[in-house]
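S.K.: Please find one structure pasted underneath; my questions will follow.
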Amino acid sequence: MTNIVKHWGTLAAYNWRPKGGTVEIRWEILQIHPARPFAISRATTAEKTVILVYIGRGVGEAAVYQSHGDTFEGVLAFLREAQGVLGEDPFDLEGIEARLHRLAAGYTSAKNAVLMALYDHIAQELGVPLYRLLGLSGKPMPTSYTIGLGTPEEMVQDLRAHPDFPVYKIKVGMPNDLEILQELRRHTDKPFRVDANGAWQPKEALRKIHAMADLGVELVEQPVSPEDWEGLAYVTARSPIPVFADESVHTTRDLPHLVGRVDGINIKLAKSGGLREALRMVAVARAFHLRIMLGCMVETSVAITAAAHLASLVDAVDLDGAYLLADDPFEGAWISHGTLHLPQRPGLGIRRRSP
Ligand code: MG
């Protein structure tokens, strides 16, 4: 259980001077490691680099999201620029968010980190947990456990090592998907959700989804390629179980295109650009009768806890990203018997583990 700090620095020794005080901004680059290499149809993650942003009392996390244009250097460059547009009032998150967007399009993981740190900072200033600042319940929520791609034996072993979860999210997108699902089904009666991460062709998707529905799969995530809108619509119209978009949806602006083409969406803070946009997505998705999953990246308890403060708003919680790590340096929201619990400390409620 090592916590490797590769670099520790300051953003140009920056002191933000909002009205009434000085707020220090720092950043930290961390390498984190899943307990076992985490494989999906697009890639395998054995090590992930995240950037922690500290603003005053708050902390935020940028899980650099390479497949959508974020790069590590780009995120750092954006953070250096971001310090100049924070303005005078840390509580004016709407204004700060707008100025971050004017600075540059994209950079959603960096924007998420800045806003996350500011939310943590102001909620601590107010002395309330973030969910209370947002007017939410903060109740414990069941979460899924994610089983990455592997051999059928490895995936069964992973399932059996985590017997307490109420639902399992199974990564698929291999030629032997059905064989794997059949094998896993021999070891549990719990519901499955599957995530193809865009790996299937529409006709292949339908054939597999029909067989999987008979194996107790309750929903399917991103069956076809993110840009294949018509493929998504084709699959959704014929699927016996709900179809959720993940890679096809980032922000509220994507939702009109998805209405009628999917049954639900997977919201992730690193894709949306932060908590405020995630809240807007929830509202707009509800208006369109879309179901909502709240998902995550491979990331530490900082980002997972931030998302967990929104968990009571959604239909399906998939926030096991930090639970899968061998070396999470932080503690915040925690999972016990497949249920996600929020800390009751002010702000996000994050604490650094002692080394
Ligand atoms: Mg997904």
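The values are calculated or read from the model by the stated rules, or taken from the named source; none is laboratory data. Note that the structure is a prediction, hence the values are computed from the model and not measured. Note: ideal-geometry Cβ built from the backbone for every residue, glycine included; neighbour counts use all protein chains shown. Calculation scope for accessible area: heavy atoms of the full protein, side chains included, ligands and nucleic acids excluded. Shrake-Rupley method; radii C 1.70, N 1.55, O 1.52, S 1.80 Å.
S.K.: Specify the inter-centroid distance of the stretch 293-335 and the stretch 87-156, based on alpha-carbon positions, in whole Å.
M.R.: So the separation of the two Cα centres works out to 10 Å.
S.K.: Give the residues of the stretch 244-269 whose amide nitrogen is closer than 11 Å to a point set 7 Å from the Cα of Ala237 in the direction of its Cβ.
M.R.: Zone members listed by number: 261.
S.K.: Which residue, Asp214, Asp228, Asp120, tops the fluctuation ranking in a GNM of the chain built on C-alpha contacts under 10 Å?
M.R.: Asp214
S.K.: With a ≥ b ≥ c the root eigenvalues of the C-alpha gyration tensor of the stretch 210-281, is it rounded (a/c under 1.5), prolate (a/b larger than b/c) or oblate? The partial results should precede the final answer.
M.R.: Details: a/c = 2.54, a/b = 1.75, b/c = 1.45.
Prolate.
S.K.: Pick from Thr251, Thr71, Thr236: which is most flexible by mean-square fluctuation in a GNM of the chain where alpha carbon atoms under 10 Å apart are linked?
M.R.: Evaluated over the chain, the most mobile residue of the options is Thr71.
S.K.: If amide hydrogens are placed 1.01 Å from N in the peptide plane, which non-local residues have theirs closer than 5 Å to the one on Leu219?
M.R.: Val194
S.K.: Given points 7 Å out from each Cα along the Cα-Cβ axis, report the Phe91 to Leu103 separation in nanometres with one decimal.
M.R.: 2.3
S.K.: Of Cys296, Leu258, Tyr54, which is farthest on the positive side of the dipole of the chain, counting Cα position, with +1 on Lys and Arg Cβ, -1 on Asp and Glu Cβ, and the Cα centre as origin?
M.R.: Working it through, the farthest residue towards the positive pole turns out to be Tyr54.
S.K.: Grab the Cα-Cα distance for Ser137 and Thr151, subtract it from 0.36 nm times how many residues apart they are, and report the gain in nm with one decimal. Walk me through the numbers on the way to the answer.
M.R.: Numbers: separation 14, 0.36 × 14 = 5.04 nm, distance 4.02 nm.
Between Ser137 and Thr151, full extension yields an extra 1.0 nm.
S.K.: Among the lysines in the chain, how many pairs, 8 or more places apart or on different chains, have alpha carbons under 18 Å apart?
M.R.: Qualifying lysine pairs in the chain: 11.
S.K.: Among Asp254, Asp158, Asp328, which one shows the highest mean-square fluctuation when the chain is modelled as a Gaussian network with alpha-carbon springs under 10 Å?
M.R.: Fluctuation is largest for Asp254.
S.K.: Rounded to a whole number, what % of the accessible area of the chain do carbon and sulfur atoms account for, probe 1.4 Å?
M.R.: On the way: 7380 of 14360 Å².
The C+S portion of the solvent-accessible surface of the chain is 51 percent.
S.K.: Rounding to the nearest 20 debye, state how big the charge dipole of the chain is about its Cα centre with +1 on each Lys and Arg Cβ and -1 on each Asp and Glu Cβ. Present the calculation step by step, with values, prior to reporting the outcome.
M.R.: Details: 37 positive and 42 negative charges, 117 e Å.
So the dipole magnitude of the chain works out to roughly 560 debye.
S.K.: Using the Cβ atoms and a cut-off under 11 Å, what net charge is assigned to the surroundings of Val64, where Lys and Arg are +1 and Asp and Glu are -1?
M.R.: Details: positive: Lys48; negative: Glu61, Asp70, Glu73, Glu299.
Net charge around Val64: -3.
S.K.: Please give the length that would be gained between Gln31 and Ala326 if that part of the chain were fully extended, namely 0.36 nm times their separation in residues minus their C-alpha to C-alpha distance (nm, one decimal). Don't skip to the end; give the middle numbers.
M.R.: Working: separation 295, 0.36 × 295 = 106.20 nm, distance 1.12 nm.
Between Gln31 and Ala326, full extension yields an extra 105.1 nm.
S.K.: Follow-up question, since we're still on this one. Please work out the FRET efficiency for the pair Thr188 and Glu73, using the Cβ-Cβ distance as r and a Förster radius of 35 Å; give the result to the nearest 0.05. Working shown, then result.
M.R.: On the way: r = 43 Å, r/R0 = 1.24.
According to the calculation, E is roughly 0.20.
S.K.: Restricting to the stretch 133-352, compute how many DSSP beta bridges are antiparallel as a %, nearest 5. The partial results should precede the final answer.
M.R.: Values: 7 of 31 bridges.
Among the beta bridges of the stretch 133-352, antiparallel pairing accounts for roughly 25 percent.
S.K.: Evaluate the relative contact order of the stretch 133-352 (contact order divided by residue number), counting alpha-carbon pairs under 8 angstrom at least 6 apart; express in whole percent.
M.R.: 19
S.K.: For the stretch 133-352, what is the accessible area per residue in Å², given a 1.4 Å probe and the full set of protein chains?
M.R.: Numbers: 8010 Å² over 220 residues.
Result: 36 Å² of accessible area for each residue.
S.K.: Amide H neighbours of Lys169 under 5 Å, at least 5 residues apart or on other chains, H built in the peptide plane: list them.
M.R.: Tyr145, Thr146, Ile147, Arg193
S.K.: Right, next: Tell me which residues come under 5 Å, amide H to amide H, from Val59 once H is placed; ignore anything under 5 positions away on its chain.
M.R.: HN-HN under 5 Å from Val59: Asp120, His121.
S.K.: A further question on this structure: Per residue of the chain, what 222 nm ellipticity follows from adding -39500 (n - 2.57) for every DSSP H run with n ≥ 4, rounded to the nearest 500?
M.R.: -9500 deg cm²/dmol
S.K.: Please state the shape class of the stretch 133-352: rounded when a/c is under 1.5, otherwise prolate if a/b exceeds b/c and oblate if not, all from the C-alpha gyration tensor. Provide the component values of the computation, followed by the final result.
M.R.: Details: a/c = 2.03, a/b = 1.19, b/c = 1.71.
In terms of gyration-tensor shape, oblate.
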